[in-house]
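J.: I have a structure I would like to understand better, so I am pasting it below and will then ask my questions one at a time.
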Amino acid sequence: MTMWLPLLGLLLGISLGLLSDIQIPQIYANYLSIAVLAALDTLFGGIRAHLQHIYDDKVFISGFFFNIALAAALAFLGVHLGVDLYLAAVFAFGVRLFQNIAVIRRILLTKWTDRGKVSEANDLK
């Protein structure tokens, strides 16, 4: 069941977003964009952890909320200082997101090629 928690959260969030008529004011666009990026970073980090057999619900849930709060706090502080600090969060979460996706891709490719080798060995018997 723990494997499906990140994917279930993503599907639920997308569904609620598509089914609702909520309009976000333009002044909150920076906050929302980095919050979504932080959430995606945590989601793909959870998928990566599951594939590496080190997934922990507590780490996933706490990381999800901490990353979103940290990203929003950076954007808020940047707005009040007159500096685009949200770009630092976008860069950091973006880099981590692509790193997680790259690791997930490598793990899945390794599993896929290993499965092919096993089926070839079985065919030779």
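J.: Show me 40-52, 81-93, 16-28 ranked by packing, highest mean number of other Cβ atoms within 10 Å first. Walk me through the numbers on the way to the answer.
T.: Numbers: 40-52: 20.4, 81-93: 15.8, 16-28: 7.8.
My ranking of the peptides, most packed first, is 40-52, 81-93, 16-28.
J.: Another one. Counting each pair of different Cα atoms once, what's the Kirkwood radius of region 1-107 in Å, rounded to one decimal?
T.: Details: mean 1/r = 0.0680 Å⁻¹.
Kirkwood hydrodynamic radius for region 1-107: 14.7 Å.
J.: Just need the Rg to Rh number for region 32-79, please, alpha carbons only, Kirkwood Rh. If you can, show how the numbers build up before the last one.
T.: Values: Rg = 11.8 Å, Rh = 11.1 Å.
Radius of gyration relative to Kirkwood radius: 1.07.
J.: Expected output is a single nm value to one decimal: the length gained when fully extending between residue 69 and residue 8, i.e. 0.36 nm times separation in residues minus the C-alpha distance. What is it?
T.: Numbers: separation 61, 0.36 × 61 = 21.96 nm, distance 2.13 nm.
Length gained between residue 69 and residue 8: 19.8 nm.
J.: In the chain, with Lys and Arg counted as +1 and Asp and Glu as -1 at Cβ, which of these residues, 79, 89, 116, has the Cα nearest the positive end of the dipole, that is, farthest along it?
T.: Checking the options against the dipole of the chain, the answer is 116.
J.: Further, regarding this structure: If you fit an axis through the alpha-carbon atoms of helix 86-124 and take the longest principal axis of the Cα set of the chain, what angle between them do you get, 0 to 90°, nearest 10?
T.: 10
J.: If I model a spin label at residue 20 and residue 80 as a point 7 Å from the Cα along the Cα→Cβ vector, what separation in nanometres do I get?
T.: 2.6
Since every read-out is calculated from the coordinates, none of them should be taken as a lab result. These figures come from a predicted structure and were not determined experimentally. Virtual Cβ from ideal backbone geometry, glycine too; neighbours counted across all protein chains shown.
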